[in-house]
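K.L.:
Structure provided below as structure tokens; questions to follow.
The values are calculated or read from the model by the stated rules, or taken from the named source; none is laboratory data. On a predicted model such as this, the values are computed, not experimentally measured, just so you know. Cβ atoms come from the backbone with ideal geometry, glycine included; neighbour counts cover every protein chain shown. Surface accessibility is based on the protein's heavy atoms, side chains included, excluding ligands, DNA and RNA. Shrake-Rupley method; radii C 1.70, N 1.55, O 1.52, S 1.80 Å.
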Amino acid sequence: TKNFSKMSQGITGGLVPAYATLAANLFAITAAFEFLKKAGNLVALEKAQTQYAYKTGTSMKLLTSRLQEATHQMLAFDDAAQAAAIGTAAGLSAEQLERLANIATNASAALGRDLTDSFNRLTRGAIKAEPELLDELGIIVRLSEAVEEYKRIMNITGRELTTFEKSQAVVNLTIRKGEDAFDDLGKNVNDIAKLGKAVDDLIKALQKGLVPVATFMSNVLTENVLA
């Protein structure tokens, strides 16, 4: 019995540390892989923005930067780039996107909500005409009201609005009501959120610097994953 107990302790004492070391190494490898993967995605995104500007004449990189400025540099690059792409594809102008970003900043400061979530709700709610997303920010928008206001402003009579015009009607009403509700409240920005943005920029710079090394390593290790 004593010998069996000693043997069990020996096995346990050897295997547990070995498994712990293996688990720690696997966790470190996974974390490093995710970090480098995000670095690759970042570079790919910036290249795509450059190609888009070359083909269309619209600088997505500049628009992304302007959205970050509209949120007092609190919106991360990835989130701003995604919003710029989605908004542009839906037919929103740079001015409309900037005003939505400003409203999101003001609303998040006034309501104590996360800025990224507020901005996503605004853009999705306005573009897809989903009032339930806007309701949570205290912005009540109804399609019938938006259509009537758009017709009046654009002096449209005797016909129904097109799908694009209806989308613009909802976006414009969302902007108007959002600016009325949260006028000039964005100055009360969260300094901690600003610090988070600064850290995000630092990490982005590090990731971009590591891309050449990551590319080389991925090409080598692809042939021998176990190594």
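K.L.:
Can you name the residue in region 83-97 that is within 15 Å of the chain's Cα centre (by Cα) and surrounded by 18 or more Cβ atoms within 10 Å (Cβ to Cβ) and is also farthest from L137 (Cα to Cα) among such residues?
P.N.:
Out of the qualifying residues, it is A84.
K.L.:
Continuing with the same structure: Determine whether R124 is open to solvent by 10 Å² or more (accessible area, probe 1.4 Å) and in a loop (DSSP other than H, G, I, E, B).
P.N.:
Criteria not met by R124.
K.L.:
Among the residues in region 123-144, are any of a type outside the set (D, E) and farther than 21 Å from I103 by Cβ?
P.N.:
Among the residues of region 123-144, at least one is of a type outside the set (D, E) and farther than 21 Å from I103 by Cβ, which makes the answer yes.
K.L.:
May I ask you to say which residue of L122, L133 is within 16 Å of I86 (Cβ to Cβ) and in contact (Cβ under 8 Å) with a residue 40 or more places away in the chain?
P.N.:
Answer to the check: L122.
Yes or no, residue by residue, for (1) crowded, with 19+ Cβ neighbours inside 10 Å; (2) modelled with pLDDT of 90 or more; (3) aromatic (F, W, Y); (4) touching a Gly at 6+ places or on another chain (Cβ under 7 Å):
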{"site": "A146", "(1), (2), (3), (4)": "yes, yes, no, no"}
{"site": "I153", "(1), (2), (3), (4)": "no, yes, no, no"}
{"site": "K166", "(1), (2), (3), (4)": "no, yes, no, no"}
{"site": "V171", "(1), (2), (3), (4)": "yes, yes, no, no"}
{"site": "R176", "(1), (2), (3), (4)": "no, yes, no, no"}
{"site": "N188", "(1), (2), (3), (4)": "no, no, no, no"}
{"site": "L202", "(1), (2), (3), (4)": "no, no, no, no"}
{"site": "L210", "(1), (2), (3), (4)": "no, no, no, no"}
{"site": "V213", "(1), (2), (3), (4)": "no, no, no, no"}
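K.L.:
With the checklist (1) in a helix (DSSP H, G or I); (2) in contact (Cβ under 8 Å) with a residue 12 or more places away in the chain in hand, flag the one item D117 doesn't pass.
P.N.:
In the conditions (1) in a helix (DSSP H, G or I); (2) in contact (Cβ under 8 Å) with a residue 12 or more places away in the chain, D117 misses (2) alone.
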